[in-house]
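The values are calculated or read from the model by the stated rules, or taken from the named source; none is laboratory data. Here the structure is a predicted model, which is why all the values come from computation and not from measurement. So basically every Cβ, Gly included, is an ideal-geometry build from the backbone, and we count neighbours across all protein chains shown.
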Amino acid sequence: MKEKIIYVCGECGYESSKWLGRCPNCGKWNSFVEEIRGRKKYMEKTAEPTRINEIVIPEIIRIKSGISEFDRVVGNGIVKGSLILIAGEPGVGKSTLLISVGAKISQQGKTVLYVSGEESSSQTKIRAERLSISSDNLYILSTTQIPAIKESINKIQPEILIIDSIQAIYDPEIPTTPGTVTQIRENTNFFMNFSKATNTAVFLVGHITKEGSIAGPKILEHIVDVVLYFEGEPRSNLRILRAIKNRFGSTMEIGVFSMEEDGLKEIPDAGALFLKDYHQNLPGQTIFPAQQGTRTLLVEIQALVAPTYYGIPKRSVIGLDYNRVSLILAVLEKKLHFNFGTHDVYVNAGGGIKIDEPASDLPVSIACVSSLKDVPPLEGSILIGEISLTGEIRPVKLINKRLKEAERLGFKKAIIPKVNSQEITKTSLQIFPVRWLKEAIEVSLPP
Ligand code: TYD
Ligand code: MG
């Protein structure tokens, strides 16, 4: 095959024969990097057609680490032969998480190989000591080179392979520098083939930066089986693990951890975690029982509505969907004649959590109106409900789970969609079923 130069978008992997200033696929500027193609010869595997009745579905075997916040997110255990990407910003704790998971699994007598391309073996050992990790079956290899990794894999034959990080790994047979799209993609393909051929679970660590780095893990998301994001705010020790893609499980589950001096601690009872700074009953503040997979988390929704003195009214939304907040404001304007057009509106989900459920519409709308009127919402109440374009309150999923958690955390009243009210099982909460947004405002913000 002849060598040829192509240009690849480092953000989304779009390929072009010419250099482009802006990617026509993802819209990113200055993301194209030069790649040389064709030198490496690939053996195409010959494939035979098989009768559908003769295809055997392999049994899915899952390995549990015992860290239940982790196991739940990967889909109740790590699937053998799967390729898992863990992406996150530098310093969030990816290495800490994976060495902990690797250690736990190795203590079950399974061989684990942890390849560190960024730290020396002694640096990894120092981290392990800080985490009080010791195991005879956990191997550390400090290298960036594919040939060295191949050699160790053959020698040790691990059941779990951890590559920290994929951006640091380099194959000298591929004629581009480390960290380029081609290197990352080809090396990921190598680990993919290895995991399938040997039924080994392989973890790849991928760094992402706030603005989405060149040759970032985005292009890998299509290749791997599972994509996990490890997130946290710099000033907080709270860490959230979430699945963005999972061929073997749900993408609804989250795992909650706290980064302590001596490692990551699980937070199994996270129900009230996002209420930590909750000061009861101030204008612009409502409580929403959010559902994240099987877990209910009570989250404070904060709104600040202030007059605009010049220019276009400002809208700022953190932790919620911007478009849904705009929609809610439009419904409040059009149907109920509230005047947000002359006001700046800021809406946050407290504690740095991200909410993407329409069920948060009602608490968002009440928080906005509460701030606009400067009236606190009904004391001790939670709010749940999706709002339609007509201003009707639509039903939500898992109403009983949400109510139960609110009850457990000491709330007294719940304003919920009328349609959901027949489903309610025993509760000590005082229930206010509402059909229209107008009713909800009358109940939660009495004049
Ligand atoms: P690290 O796992 O190295 O992050 P990543 O691999 O995602 O870049 O951890 C980063 C930070 O966590 C580092 O600043 C030190 C801190 N840390 C703790 O607070 N406690 C610990 O037990 C460890 C190992 C690290
Ligand atoms: Mg690291």
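On the given criteria, is Ser134 of a type outside the set (A, V, I, L, M, F, W, C) and more than 16 Å from ligand 2 (Cβ to nearest atom)? Before you say what the answer is, go through the steps one by one.
Values: of a type outside the set (A, V, I, L, M, F, W, C): yes; more than 16 Å from ligand 2 (Cβ to nearest atom): yes.
The answer is yes for Ser134.
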- Scan the range 1-15 residue by residue and report those that are at negative phi, at pLDDT below 80 and surrounded by 18 or more Cβ atoms within 10 Å (Cβ to Cβ). Gly10, Glu11, Cys12
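Does Gly88 satisfy being within 16 Å of ligand 2 (Cβ to nearest atom), modelled with pLDDT under 95, under 28 Å from Ile219 (Cβ atoms) and not polar (S, T, N, Q)?
When the stated conditions are applied, Gly88 passes them.
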- Considering residues that are surrounded by fewer than 22 Cβ atoms within 10 Å (Cβ to Cβ), assigned to a loop (DSSP other than H, G, I, E, B) and under 27 Å from the mean Cα position of the chain (by Cα), the number found within the range 389-400 is 3
- Of the residues in the range 93-131, those that are within 14 Å of ligand 1 (Cβ to nearest atom), hydroxyl-bearing (Ser, Thr, Tyr) and closer than 19 Å to Ser68 by Cβ come to Thr96, Ser100
- Task: Answer yes or no: is there a residue in the range 406-424 that is of a type in the set (Lys, Arg), within 17 Å of Ala359 (Cβ to Cβ) and in a helix (DSSP H, G or I).
- Result: yes
- Note on the structure: Among residues of the range 333-358 being in contact with a helix residue (DSSP H, G or I) (Cβ under 7 Å, 6 or more places away or on another chain) and small (Gly, Ala, Ser), the residue farthest from Ile240 (Cα to Cα) is Gly341
- Message: Given the criteria in contact (Cβ under 8 Å) with a residue 12 or more places away in the chain and more than 9 Å from ligand 1 (Cβ to nearest atom), does Ile86 qualify?
- Response: no
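Taking the condition among the charged types (D, E, K, R), away from ligand 2 (no atom under 16 Å from the Cβ) and free of Cβ contacts under 8 Å to residues at least 24 places away in the same chain, does Arg185 pass?
Criteria not met by Arg185.
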- Message: Looking only at the range 219-267, how many residues end up being more than 16 Å from ligand 2 (Cβ to nearest atom) and under 14 Å from Val73 (Cα atoms)?
- Response: 21
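Looking at the range 99-117, which of the residues that are assigned to a strand (DSSP E or B) and away from ligand 2 (no atom under 16 Å from the Cβ) is surrounded by the most Cβ atoms within 10 Å (Cβ to Cβ)?
It comes out as Val112.
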- Item | Selection status of Glu231, in contact (Cβ under 8 Å) with a residue 12 or more places away in the chain, among the acidic types (Asp, Glu) and within 14 Å of ligand 1 (Cβ to nearest atom) | yes
- Note on the structure: Heads up, the strands (runs of 3 or more DSSP E) in the range 247-357 (entirely inside) with at least 2 residues that are more than 21 Å from Pro417 (Cα to Cα) are 254-260, 263-266, 295-307, 315-318, 343-349
